[in-house]
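Working notes, beginning with the structure itself.
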Amino acid sequence: MKNHVKLGAAILAGMAILCGQQALAQIAVKGETVYTMAGTPIKNGVVLVKDGKIEAVGANLQIPQNYKVYSAKVVTPGLVDAHTSVGLAGIYNVPADQQQLEKTAPIQPELRAIDAYNPNEELIGWVRSHGVTTINTGHGPGALISGQTMTIKTAPEGFATLMDTTKMVTFTLGSTVGDNYNSPKTSAKGMAMLRSELQAAQAYAKKASNSDASKRPDRNLKMEYLSDVLNGKYKALITANKANDIMAALRLAKEFNLSIVLDGAAEAYLLVDEIKAAGVPVILHPTMARSYGENKNLSFETAGILAKAGVPVAIQSGFEAYVPRARVILFEAGVAVANGMAPEQALAAITTTPAKIIGLDKRVGALAKGMDGDLVLFDGDPFEYTSHVCTVLINGKVVSEECK
């Protein structure tokens, strides 16, 4: 019996060593064209990945021994989705897998995405197989303040790849809020409610900073998170689609000195100068979103218009109240290319620009030494509908090898 126990322990130890070796694999990725997004595309490029990080990038690099080699027509960084509800909103579109919007109160900044995120949600694997390696996910539009977003890799390891538990606090302006709550029912009332809450948070922050502990207020999670939005710790992700609501978001940011990101922005093409002057980035709705309600006046050309004007623009998978719950940003960017956006701008809109918007551009969104080993291997032009994502790496590990 003792011998059997020792043998079992030895086998387990050997398996652990093998798994460790696989986890820290040394990989060389060869591409006929490598879009590093940190410089010009490289012909006959090679990306060396070691211990989960990019070791080197260049043309015709010498590949060391013991590196497993993958080849592709085109290689890009892992795609970054700057705003989604994947992991909170599920694939079956039933109440049991819909955790992205709490409808008991219109202002709840204290709701954490991590408390509702399901790392085993099937949609995560779906977007991963189409090249999406990093997501900024969380509470969706529909409340004046619906909660927080978090950033995480789409790797099968789930929470082990968590990057930030709180990245942004999500706001919504417009008529959709009135569909979910008794109040507000108009844009003016919604703005008044937001301004009152932010003023209350200013007063709370002032009292909380009192050097006399006895004079500090009792802890209030809502006020704490709003205070952190006011002091710039968290960005305000403001969903606003109609031009008047976009202008209201810009006024709110100016009044309270908020660091904001416009989200959705269906009518942004009407306010290009104002958005650019405010220095506000835009996470644009999916190019193929349905044009009804507040999205009635959306345009397939908006992404290209914003990019040409110099406005930082990312294309998101977004949130929709029908199946499928999440679109694939690669396809959305491809449609933007077909409607006037330059291919290099479209690739930036799903790699480098969203990485910068969510504050993770030192780790993801480009292929450069020291960055995370997140890569996507294509069998053709990424924006050609006959091309496929064939291999995906996250943190230097192959997580998908089926051409999709």
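Quick notes
- When region 207-229 is filtered for residues that are charged (D, E, K, R), free of Cβ contacts under 8 Å to residues at least 60 places away in the same chain and not in a loop (DSSP other than H, G, I, E, B), the ones remaining, listed by number, are Lys207, Lys215, Asp228.
- Residues of region 43-86 that turn out to be closer than 16 Å to Val399 by Cβ and touching a helix residue (DSSP H, G or I) at 6+ places or on another chain (Cβ under 9 Å), as a count: 7
- All of (1) among the β-branched types (Val, Ile, Thr); (2) assigned by TED's automatic domain parsing to the domain that holds Glu32; (3) under 26 Å from Ile27 (Cα atoms) hold for Val364 with one exception: (2).
- Answer from Ile114, Ile91 - the residue that is more than 30 Å from Lys43 (Cβ to Cβ), in contact with an Asp or Glu (Cβ under 7 Å, 6 or more places away or on another chain) and among the β-branched types (Val, Ile, Thr): Ile91
- Thr137 closer than 30 Å to Ser196 by Cα, touching a strand residue (DSSP E or B) at 6+ places or on another chain (Cβ under 9 Å) and not in a loop (DSSP other than H, G, I, E, B): yes
- Residue, nearest to the chain's Cα centre (by Cα), within region 93-121, restricted to residues that are over 17 Å from Thr161 (Cβ atoms) and surrounded by fewer than 16 Cβ atoms within 10 Å (Cβ to Cβ): Asp115
- For region 373-387, a residue qualifies if it is buried (at least 21 other Cβ atoms within 10 Å of the Cβ) and either assigned to a loop (DSSP other than H, G, I, E, B) or assigned by TED's automatic domain parsing to the domain that holds Thr154 (or both), and the qualifying residues are Gly373, Asp374, Pro382.
- Restricted to region 286-317, and to residues there that are among the polar types (S, T, N, Q) and in contact with a helix residue (DSSP H, G or I) (Cβ under 7 Å, 6 or more places away or on another chain), the residue that is surrounded by the most Cβ atoms within 10 Å (Cβ to Cβ) is Ser317.
- If the condition is being surrounded by fewer than 18 Cβ atoms within 10 Å (Cβ to Cβ) and either aromatic (Phe, Trp, Tyr) or part of a loop (DSSP other than H, G, I, E, B) (or both), then region 153-180 contributes Pro156, Glu157, Phe159, Ser175.
- Selection count, region 106-134, where residues are outside any loop (DSSP other than H, G, I, E, B), small (Gly, Ala, Ser) and closer than 20 Å to Ile329 by Cα: 2
- Exactly one residue out of Asp228, Asp218 is among the acidic types (Asp, Glu) and within 27 Å of Ile358 (Cβ to Cβ), and it is Asp228.
- When region 239-285 is limited to residues that are assigned to a helix (DSSP H, G or I) and touching a Gly at 6+ places or on another chain (Cβ under 8 Å), the one that is surrounded by the most Cβ atoms within 10 Å (Cβ to Cβ) turns out to be Asp245.
- Top-ranked residue of region 54-92 - restricted to ones that are of a type in the set (S, T, N, Q) and surrounded by 15 or more Cβ atoms within 10 Å (Cβ to Cβ), ranked as farthest from Gly318 (Cα to Cα): Thr76
- Residue check for Ala277: of a type in the set (Gly, Ala, Ser), farther than 23 Å from Val328 by Cα and out of contact with any helix residue (DSSP H, G or I) (no Cβ under 6 Å at 6 or more places or on another chain): yes
- Number of the condition not met by Ala289 [criteria: (1) at pLDDT 95 or above; (2) aliphatic (A, V, I, L, M); (3) not in a helix (DSSP H, G or I)]: (1)
- Taking the numbered list (1) within 27 Å of the chain's Cα centre (by Cα); (2) modelled with pLDDT of 95 or more in turn, Ile63 passes all entries but (1).
- Residue in region 193-206 that is under 29 Å from the mean Cα position of the chain (by Cα), farther than 27 Å from Lys254 by Cβ, assigned to a helix (DSSP H, G or I) and touching a residue at least 12 places away in the same chain (Cβ under 8 Å) present: no
The values are calculated or read from the model by the stated rules, or taken from the named source; none is laboratory data. What you see is a predicted model; the values in this text were computed from it and never measured. Neighbour counts are summed over all protein chains in view; Cβ atoms, including those assigned to glycine, are modelled from backbone coordinates with ideal geometry.
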